[in-house]
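J.: Have a look at this one.
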Amino acid sequence: MVRNVVGVILGYIVMFILQIIAFMSIYSMMGADWSFKPGTFEASTAWTAVQFIVILVTAIIAGLICAVIAKSGRAPLVLAGMVLVFSLALGAASMTMRSSDTHEVRTASVPNMEAMQKARHPAWVILMGPIIGAVGVLIGGKLKRRG
């Protein structure tokens, strides 16, 4: 039981940390003009595609870590449920907390933290992220069973 709990918690923490590192690194390398549509804080198509890839890869790693630690087939399922519920809740919160000024003009140079705070994504992107994350965790959990 303890191994299951530790596996789920560590899997979630690892996924969270890897995503922060990945997104900050990608933004630092690619810059605001690549990450956003011209003159806005609306995420570019390229950013959205990379975002989904990062979510999938980090979730697979988290699911694998969870399965290795827990040594149980159910722990990745619990982690996938947590990823889905927590991510949907965070997405819903971010959608309701958006500033009323959605037409804010972006300057050429935007620091990483400001970019994270002001970034805008369509609702379908906010809903797809948790689904991709949950599926990735399940894939990672199954990788352990094959090995």
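J.: Checking residue 74 against (1) in contact with a Phe, Trp or Tyr (Cβ under 6 Å, 6 or more places away or on another chain); (2) open to solvent by 30 Å² or more (accessible area, probe 1.4 Å); (3) among the charged types (D, E, K, R), which test does it fail?
T.: Every condition holds for residue 74 apart from (1).
J.: So which residues in segment 1-21 are out of contact with any helix residue (DSSP H, G or I) (no Cβ under 8 Å at 6 or more places or on another chain) and part of a helix (DSSP H, G or I), if there are any at all?
T.: Start the filter on segment 1-21 by keeping residues that are out of contact with any helix residue (DSSP H, G or I) (no Cβ under 8 Å at 6 or more places or on another chain), which leaves 1-2, 5, 9, 13, 16-17, 20-21.
Matches in segment 1-21: 2, 5, 9, 13, 16, 17, 20, 21.
J.: Shifting gears a bit: Select from segment 22-35 the residues that are open to solvent by less than 40 Å² (accessible area, probe 1.4 Å), under 23 Å from residue 105 (Cα atoms), small (Gly, Ala, Ser) and touching a helix residue (DSSP H, G or I) at 6+ places or on another chain (Cβ under 9 Å) and list them in ascending order.
T.: Matches in segment 22-35: 32, 35.
J.: Please work out which residue is surrounded by the fewest Cβ atoms within 10 Å (Cβ to Cβ), limiting yourself to segment 107-147 and to residues that are part of a helix (DSSP H, G or I), among the small types (Gly, Ala, Ser) and touching a residue at least 40 places away in the same chain (Cβ under 8 Å). Before you say what the answer is, go through the steps one by one.
T.: As a first pass, look at segment 107-147 and keep what is part of a helix (DSSP H, G or I): 112-118, 123-146.
Add one more test, that the residue is among the small types (Gly, Ala, Ser), and what stays is 115, 123, 129, 133-134, 136, 140-141.
This time we only want the ones that are touching a residue at least 40 places away in the same chain (Cβ under 8 Å), so: 115, 129, 133-134, 136, 140-141.
Numbers: 115: 20, 129: 24, 133: 28, 134: 24, 136: 24, 140: 27, 141: 29.
The selected residue is 115.
J.: Quick check: anything in segment 77-96 part of a loop (DSSP other than H, G, I, E, B) and surrounded by 11 or more Cβ atoms within 10 Å (Cβ to Cβ)? Step through it out loud before you land on a result.
T.: Here is the first cut: in segment 77-96, the ones part of a loop (DSSP other than H, G, I, E, B) are none.
For segment 77-96, residues part of a loop (DSSP other than H, G, I, E, B) and surrounded by 11 or more Cβ atoms within 10 Å (Cβ to Cβ): absent.
J.: Tell me the residue from 43, 70 that is closer than 22 Å to residue 128 by Cβ and not basic (Lys, Arg), please.
T.: Values: 70 fails: closer than 22 Å to residue 128 by Cβ.
When all the criteria are applied, what remains is 43.
J.: Here is a list of conditions, (1) open to solvent by 30 Å² or more (accessible area, probe 1.4 Å); (2) under 17 Å from the mean Cα position of the chain (by Cα); (3) within 24 Å of residue 123 (Cα to Cα), and residue 15 meets all of them except one; can you say which number that is?
T.: In the conditions (1) open to solvent by 30 Å² or more (accessible area, probe 1.4 Å); (2) under 17 Å from the mean Cα position of the chain (by Cα); (3) within 24 Å of residue 123 (Cα to Cα), residue 15 misses (1) alone.
J.: Next up: Taking the stated definitions as given, is residue 50 at pLDDT 95 or above, within 25 Å of residue 114 (Cα to Cα) and either open to solvent by less than 50 Å² (accessible area, probe 1.4 Å) or in a helix (DSSP H, G or I) (or both)? Write out each step before concluding.
T.: Working: at pLDDT 95 or above: yes; within 25 Å of residue 114 (Cα to Cα): yes; either open to solvent by less than 50 Å² (accessible area, probe 1.4 Å) or in a helix (DSSP H, G or I) (or both): yes.
Yes.
J.: What pairs come out if I take residues in segment 7-35 that are closer than 15 Å to residue 64 by Cβ and pair them with residues that are open to solvent by 60 Å² or more (accessible area, probe 1.4 Å) and modelled with pLDDT of 95 or more whose C-beta lies under 6 Å away, six or more apart or interchain?
T.: Short answer, once both residue conditions are applied: 8/78.
J.: When residue 38 is evaluated against the numbered criteria (1) without any contact (Cβ under 8 Å) to a residue 24 or more places away in the chain; (2) part of a helix (DSSP H, G or I); (3) open to solvent by 70 Å² or more (accessible area, probe 1.4 Å); (4) not β-branched (Val, Ile, Thr), which criterion, by number, is the only one it fails?
T.: (2)
J.: Next question. Quick test of your reading of the structure: residue 63 fulfils all but one of (1) more than 26 Å from residue 10 (Cα to Cα); (2) touching a Pro at 6+ places or on another chain (Cβ under 7 Å). Name the failing condition by number.
T.: Just one mismatch for residue 63, condition (1).
The values are calculated or read from the model by the stated rules, or taken from the named source; none is laboratory data. Not measured: the values here are computed from a predicted model. Please note: Cβ atoms are built from the backbone with ideal geometry, for glycine as well, and neighbour counts cover all protein chains shown. When the accessible area is computed, the model is the full protein with side chains, heavy atoms only, and any ligands, DNA or RNA have been set aside. Shrake-Rupley method; radii C 1.70, N 1.55, O 1.52, S 1.80 Å.
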